Amino acid sequence: MDINNKFPEALLNAPGLPGQIASYINSTAIKRQPVLALGAAICAAGTIFAHRIRSDSNLRTNFLVLSIAESGCGKEGARQSIIQLFNKCELNNYMLGDFVSDSGILTGLRDNKGIGFAMIDEIGREIQALNNKRSNSHEQRIMTTVMKLFSQAGGTYRGKQYANVDSKFPRFDIEQPCLNVYGTTVPKRFYEALTSDEAIDGFLARWLVFKSDDIDPPLQEFSHIAPPDDLIKDIAEIQAMPAYEQLTVNGVVLSDPVPIPKIIPFSDTAKDILQNLTFVCNEKRKQEIKNGGVLAPIWARTREHAIKLALVAHPFEHGIIESVTMQWACDLALYLSNVSINAIRENISDNEHERTLRRVHSVIKRYNDNNHNKPMPNKKLIQATAKFLNVIDRGKVLFQLSEAGFIDIRETGKTYDGKPCYEFIANDYSTG
């Protein structure tokens, strides 16, 4: 699958509830960003289905979505549309505020029977705090807690156990936490926040990365369009599904309400489609391990993502995941895994020199991509790298990138004093 082209149109036409929500977001956005709308819609659908459905392997409808786009190109539209939708459907209690501490996340989930939906602008800052040794300890714990909650969606999250049983911070557990996170950030801040360690331990593998390359979407005539009646009706029907039971004996309540999500089966054809994806991803995972790379966790998670995508997109009125939904889910999961892998190979590094090489390459590539593959003039490159490279180091970096085949350098003429003028084209930056 070629990920250098724009996001496949067929994948943007999502089935089921994500497709309905994405369509609504696109109809209300001042700047239409269908790629970002789909990522937000998946998180919204995951929240709406929370505690109501699961797979036979006990996967739930919790998603971590990263939407990456340049500043000023319409990242805010999806958030505002979802807020309006949730208010209209009286689901605003699911919406969590900005993450200030890990305790705040847990309190928000506890107060909503373990369900929460957080939409975080500039989430790259949170990721930087996770990796910055100078950050406050509570800042570092935020993303760690998000990762643990993601993995515990089908079980019980055990809260902190303090030594003093009389502590004013008593331990509380969360049964089957379903936390959906939709984070937006600009490419530069996000990629600079990561090293390959996060790929190794599975941090990025847990996230679905939706990257928009549209830096200047056309303005739409905006009006406060109310959510369509059929969407509101479908959400009401989903919310009416049985979700909890409470254990009682002789009228005595023995426990808090416990989630009882319904298992959604696969059709035979859907099982075959999923099996094909499983084979492909397993082969890629084994090859990655043999090559000594760090990308195996992404391939290990791809099948899981596909199943969860199929859960939120299936025709719930029929209660079965059929072939159309499964094919879309597998294709999207595979595409997004390739997006993450490409991002790692092109942007993530473990030492300062490699980080500089990748940073310069990224500057050139973004210019090429944002200007219809036009070469980047030397003057533009100097302006873009002046804050972190001097003349001598810039020359060394460009020479090394050129020798490795990561960029092409072309001489375009002479300056008034006889010095050569250059322009640059970025090629794929891949180490494996």
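The values are calculated or read from the model by the stated rules, or taken from the named source; none is laboratory data. Just so you know, these numbers come straight off a predicted model, no measurement behind them. Neighbour counts run over all protein chains shown; Cβ positions are idealised from the backbone, glycine included.
The set of residues in segment 73-83 that are part of a helix (DSSP H, G or I) and surrounded by 20 or more Cβ atoms within 10 Å (Cβ to Cβ) comprises GLY77, ALA78, SER81, ILE82. Within the option set ILE382, ILE341, being closer than 26 Å to HIS305 by Cβ, assigned to a helix (DSSP H, G or I) and either in the same structural domain as VAL65 (by TED's automatic domain parsing) or β-branched (Val, Ile, Thr) (or both) holds for one residue only, ILE341. Return a yes/no flag: does segment 84-93 have any residue that is surrounded by 21 or more Cβ atoms within 10 Å (Cβ to Cβ), touching a strand residue (DSSP E or B) at 6+ places or on another chain (Cβ under 8 Å) and modelled with pLDDT of 90 or more. No.
Looking at the structure I just gave you, is ARG32 among the charged types (D, E, K, R) and at pLDDT below 95? Even if it seems obvious, please write down each step before you answer.
On the way: among the charged types (D, E, K, R): yes; at pLDDT below 95: yes.
Yes, satisfied.
Do we have ASN373 as under 26 Å from ILE409 (Cα atoms), outside any helix (DSSP H, G or I) and not assigned by TED's automatic domain parsing to the domain that holds ARG54 here? It is true that ASN373 is under 26 Å from ILE409 (Cα atoms), outside any helix (DSSP H, G or I) and not assigned by TED's automatic domain parsing to the domain that holds ARG54.
Checked against the criterion of being small (Gly, Ala, Ser) and within 19 Å of the chain's Cα centre (by Cα), the candidates SER101, SER57, SER27, SER81 yield just one match: SER81.
Considering segment 286-341, and only residues there that are closer than 26 Å to SER23 by Cβ and among the charged types (D, E, K, R), the residue that is farthest from the chain's Cα centre (by Cα) turns out to be GLU317.
A quick yes/no check of all residues on (1) at pLDDT 75 or above; (2) touching a helix residue (DSSP H, G or I) at 6+ places or on another chain (Cβ under 7 Å):
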| residue | (1), (2) |
| --- | --- |
| TYR191 | no, yes |
| GLY202 | no, yes |
| ALA205 | yes, yes |
| ASP214 | yes, no |
| ASP234 | yes, yes |
| PRO242 | yes, no |
| VAL253 | no, no |
| ILE260 | yes, no |
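Looking only at segment 25-47, which residues are buried (at least 24 other Cβ atoms within 10 Å of the Cβ), outside any loop (DSSP other than H, G, I, E, B) and touching a residue at least 60 places away in the same chain (Cβ under 8 Å)? Within segment 25-47, LEU36, LEU38, GLY39, ALA40, ILE42, CYS43, ALA44, ALA45, GLY46, THR47 qualify. Is segment 287-294 home to any residue that is among the charged types (D, E, K, R) and modelled with pLDDT of 95 or more? No: zero hits. Taken over segment 87-103, residues that are in a helix (DSSP H, G or I) and over 28 Å from SER340 (Cβ atoms) amount to 5.
When the residues of segment 118-143 are filtered to those that are touching an Asp or Glu at 6+ places or on another chain (Cβ under 7 Å) and not charged (D, E, K, R), the one that is modelled with the highest pLDDT is ILE120.
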